[in-house]
Amino acid sequence: MKGMTKVGLAFAVAIATAGAASAQVKIGMGGPITGPNAATGAQMKNGVDQAVEDINKAGGILGQKLSASYGDDASDPKQGVSVANNFAGEGVKFVIGHYNSGVTIPSSEVYKENGILEITPASTNPTVTERNMWNIFRVCGRDDQQGQVAGEYILKHFNGKKIAVIQDKTTYGKGLADEMKKTINKGGMKEVLYEGVNTGEKDYSALVSKIKQVNPDLIYWGGLYTEGGLIVRQLRDQGVKAPLMGGDGITSDEFAAVGGPGVEGTLMTYGPDPRNKPQAKKVVDEFRAKQFEPEAYTLYSYAGVEIIKQAAEAAKSLDPKKVAEKMHSGMAFHTVLGDISYDKKGDRTNLDYVMYVWKKTPEGKISYVECPGNDCSKAK
């Protein structure tokens, strides 16, 4: 009997060990896999895919492998909530997402109710982290930071000029435009036009007519690359030459694909290009070997997974609340974007927005180029 007990015990230990080795950490990616912002959804998905692959090759998190699930919110708040509920039903404990602030805000409430930690790579509206929630963090910055950088640039380089402000009525687009407007208004400048448009529209002729009437020197756009590109194209078709300025929502080569040659000269705020950081070189090379250019929010999504891994290992736990506590502690996480640490709200403590200009590269492609010293007249 004693011999049988030892054999039985050994068998039980073997089963338990095998179960632990095969256990998986479920991570979700929620974003616009389809719809007008699908290019960004592809960036986020590729970022998560590569991070999961690299982390699993290195042994996973606390000895457990990562398993990724994907939810398509199509940039729609209701669909985002549905994605969040599906993730909760699947037992997902960590989420990289969403893209649009208007989707992230309601979805995060579902994640909170279900004990899920969420890191958004791209949602910049201040409300995302201003609700005293334990479970929400972001890899990007905030629109009150970004709008201030844009406004200060306008005050310095367009002082006394006529500024038109256009926004897409979304949480992100209107929020960003209003933050920029707040900065220039405080600086003594008053916009000559403030207009909202609907996302998904194709014909902006009425807007173009209003812009032509005020003849601005600069048009500020609070919105995303699809509508922004269409607006630029239609402005140029009607002879309006004033440059556009936008935020991180136009950070995609799709902006030039939609807008055409007329996007050249567009100004933009976005964080320092992560593809140029030395700590990202290995990962960037991996993406390019797969014929995928890791622009915009690809590496932000990759970094989100890196942060989850490091926080879990520091907490010695995969309990999302314990991981969140470690993230709120001020600990520095070493990522492809550089070192990232968080305050008690879930905002980064060390992010700077910089200026970019869209121009033709030596290869003949129109893309965004970082402006040295935030002076876009010196961009090469």
*asked:* Checking ASP352 against (1) more than 22 Å from the chain's Cα centre (by Cα); (2) closer than 30 Å to ALA256 by Cα; (3) surrounded by fewer than 15 Cβ atoms within 10 Å (Cβ to Cβ); (4) of a type outside the set (Phe, Trp, Tyr), only one condition comes out false. Which one?
replied: (1)
*asked:* Tell me yes or no: at least one residue of the stretch 113-125 is touching a helix residue (DSSP H, G or I) at 6+ places or on another chain (Cβ under 7 Å), of a type in the set (Asp, Glu) and modelled with pLDDT of 95 or more.
replied: yes
_Can you say whether SER367 is touching a strand residue (DSSP E or B) at 6+ places or on another chain (Cβ under 9 Å), among the polar types (S, T, N, Q) and in contact (Cβ under 8 Å) with a residue 24 or more places away in the chain, as far as the supplied structure shows?_
yes
*Which ones in the stretch 240-281 are among the small types (Gly, Ala, Ser), within 18 Å of the chain's Cα centre (by Cα) and within 17 Å of TYR356 (Cα to Cα)?*
GLY246, GLY247, GLY249, SER252, GLY271
*Of the criteria (1) modelled with pLDDT of 95 or more; (2) at negative phi, which one GLY188 fails*: (2)
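Determine, yes or no, whether PHE292 is of a type in the set (A, V, I, L, M, F, W, C), closer than 23 Å to ASN37 by Cβ and either modelled with pLDDT under 95 or not assigned by TED's automatic domain parsing to the domain that holds VAL369 (or both).
Working: of a type in the set (A, V, I, L, M, F, W, C): yes; closer than 23 Å to ASN37 by Cβ: yes; either modelled with pLDDT under 95 or not assigned by TED's automatic domain parsing to the domain that holds VAL369 (or both): yes.
In short, yes.
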*Residue list for the stretch 284-305, restricted to those being among the polar types (S, T, N, Q) and touching a strand residue (DSSP E or B) at 6+ places or on another chain (Cβ under 7 Å)*: SER301
*Unique match (being more than 16 Å from the chain's Cα centre (by Cα) and closer than 19 Å to ALA122 by Cβ) among VAL336, VAL284*: VAL284
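Table: residues versus (1) closer than 23 Å to GLY102 by Cβ; (2) of a type in the set (A, V, I, L, M); (3) surrounded by 18 or more Cβ atoms within 10 Å (Cβ to Cβ); (4) touching an Asp or Glu at 6+ places or on another chain (Cβ under 8 Å).
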| residue | (1), (2), (3), (4) |
| --- | --- |
| GLU152 | no, no, no, no |
| ASN159 | no, no, no, no |
| GLN167 | yes, no, yes, yes |
| TYR172 | yes, no, yes, yes |
| ALA177 | yes, yes, yes, no |
| GLY222 | yes, no, yes, yes |
_Selected residue [farther than 25 Å from GLY147 by Cα, surrounded by fewer than 24 Cβ atoms within 10 Å (Cβ to Cβ) and out of contact with any Cys (no Cβ under 9 Å at 6 or more places or on another chain)] from LYS326, LYS345_ = LYS326
_Is it the case, given these coordinates, that PRO243 is of a type outside the set (A, V, I, L, M) and touching a Lys or Arg at 6+ places or on another chain (Cβ under 6 Å)?_
no
*Which numbered condition TRP134 misses (of (1) part of a loop (DSSP other than H, G, I, E, B); (2) within 28 Å of GLU191 (Cβ to Cβ); (3) not charged (D, E, K, R))*: (2)
*asked:* With the requirement that a residue be in a helix (DSSP H, G or I) and out of contact with any strand residue (DSSP E or B) (no Cβ under 6 Å at 6 or more places or on another chain), what does the stretch 107-120 give you?
replied: SER107, GLU109, VAL110, LYS112, GLU113
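Every residue, every condition in (1) buried (at least 24 other Cβ atoms within 10 Å of the Cβ); (2) outside the structural domain of ALA122 (by TED's automatic domain parsing); (3) at pLDDT below 95; (4) not in a strand (DSSP E or B), yes or no:
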position	(1), (2), (3), (4)
GLY28	yes, no, no, no
GLY41	yes, no, no, yes
MET44	yes, no, no, yes
ALA51	yes, no, no, yes
GLY59	no, no, no, yes
LEU66	no, no, no, no
TYR70	no, no, no, no
ASN85	no, no, no, yes
ILE105	no, no, no, yes
*Working carefully through the options ILE119, ILE33, find the one that is in contact (Cβ under 8 Å) with a residue 60 or more places away in the chain and of a type in the set (A, V, I, L, M).*
ILE119
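The values are calculated or read from the model by the stated rules, or taken from the named source; none is laboratory data. It should be emphasised that the depicted structure is a prediction, and the values quoted were computed from it without experimental measurement. Cβ: placed from backbone, ideal geometry, glycine included. Neighbour counts: every protein chain shown.
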